Amino acid sequence: GVEYDHFARAQDLGPGVPEDIRAIGKPIAGWFGVIDERMDYELVGRVADLRPDWSFVLIGPVVKVDPSELPQRANIYWLGPRDYAQLPDYCRAFDACMMCFAINEATEFINPTKALEYLATGKPVISTPVADVVRQYSDLITIASDAESFAEGLRRAKGATRDERIALGIEKARKCSW
């Protein structure tokens, strides 16, 4: 499930974008959540190299990984943890939401609640092929198996309007609200 009304606030393009993300260049591919061994850091770095015109904003605490191993690029912003109440305001600044999960033992059986949270924002979503994401959301989320297809998904997401996939994603999230 998802707290739909909370994340749907990101659909309002009005004011309320936090100060620390306002100065970051657009378009923005965003992530929120724990930054740990489930994230594909190499993918993040490679996609940032392939899309130097995009900014990559990652929000969340770094846990169980050495922060010095996170990719560092001029267009990657590691903002650290933010309060749950603020997440929709950050998502308001995103042009696409990314689920850059590693395909490994830690993600073999995950069913990321982040998918429904991102769908509720009304933003395009690009994800690596985590089994449950492919099984449950491949009609709503762009599935990317490598850096090149992830970068292509972002290219297609740039300037995306409320197309049918986004509308269907919003409706799916609304139906899964608690």
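Things to note:
- Pick from segment 50-81, criterion touching a residue at least 60 places away in the same chain (Cβ under 8 Å) and over 14 Å from the mean Cα position of the chain (by Cα), ranking: farthest from Gln11 (Cα to Cα): Leu50
- From Arg92, Arg22, residue being open to solvent by 10 Å² or more (accessible area, probe 1.4 Å) and touching a helix residue (DSSP H, G or I) at 6+ places or on another chain (Cβ under 6 Å): Arg92
- The residue that is nearest to Gly30 (Cα to Cα), counting only those in segment 120-136 that are open to solvent by 10 Å² or more (accessible area, probe 1.4 Å) and without any contact (Cβ under 8 Å) to a residue 60 or more places away in the chain, is Pro124.
- Residues in segment 52-86 that are closer than 21 Å to Asp20 by Cβ and in contact with a helix residue (DSSP H, G or I) (Cβ under 7 Å, 6 or more places away or on another chain): Trp54, Phe56, Val57, Ile59, Leu70, Pro71, Arg73, Asn75, Ile76, Leu79, Arg82.
- Conditions (1) more than 27 Å from Asp132 (Cα to Cα); (2) in a strand (DSSP E or B): number failed by Phe56: (1)
- Screening the candidates Ala115, Ala106, Ala131 for the property of being modelled with pLDDT of 95 or more and farther than 18 Å from Leu50 by Cβ yields one hit, Ala115.
One line per residue, one yes/no per condition, for (1) in contact with a helix residue (DSSP H, G or I) (Cβ under 7 Å, 6 or more places away or on another chain); (2) without any contact (Cβ under 8 Å) to a residue 40 or more places away in the chain; (3) more than 19 Å from Asp53 (Cβ to Cβ):
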site	(1), (2), (3)
Ser138	no, yes, yes
Ala157	no, no, no
Glu164	no, yes, yes
Arg174	yes, no, yes
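- Tally, over segment 140-162, of residues that are part of a loop (DSSP other than H, G, I, E, B), modelled with pLDDT under 95 and open to solvent by 70 Å² or more (accessible area, probe 1.4 Å): 3
- Each residue in segment 115-139 was checked for being touching a Cys at 6+ places or on another chain (Cβ under 8 Å), in a helix (DSSP H, G or I) and within 25 Å of Val63 (Cα to Cα), and 2 of them qualify.
- Exclusive hit being surrounded by fewer than 14 Cβ atoms within 10 Å (Cβ to Cβ) and of a type in the set (Asp, Glu), set Glu3, Glu37, Glu69: Glu69
- Within segment 36-94, tally of residues that are among the hydroxyl-bearing types (Ser, Thr, Tyr) and closer than 16 Å to Val125 by Cβ: 1
- The listed residue being charged (D, E, K, R) and under 21 Å from Tyr41 (Cβ atoms), out of Glu164, Glu69: Glu69
- Condition check for Thr107: of a type in the set (Ser, Thr, Tyr) and open to solvent by less than 30 Å² (accessible area, probe 1.4 Å): yes
The values are calculated or read from the model by the stated rules, or taken from the named source; none is laboratory data. Fair warning: this is a prediction, and the values are worked out from it, not measured in the lab. Virtual Cβ from ideal backbone geometry, glycine too; neighbours counted across all protein chains shown. Just the protein is used for accessible areas: all its heavy atoms, side chains included, with ligands, DNA and RNA removed. Shrake-Rupley method; radii C 1.70, N 1.55, O 1.52, S 1.80 Å.
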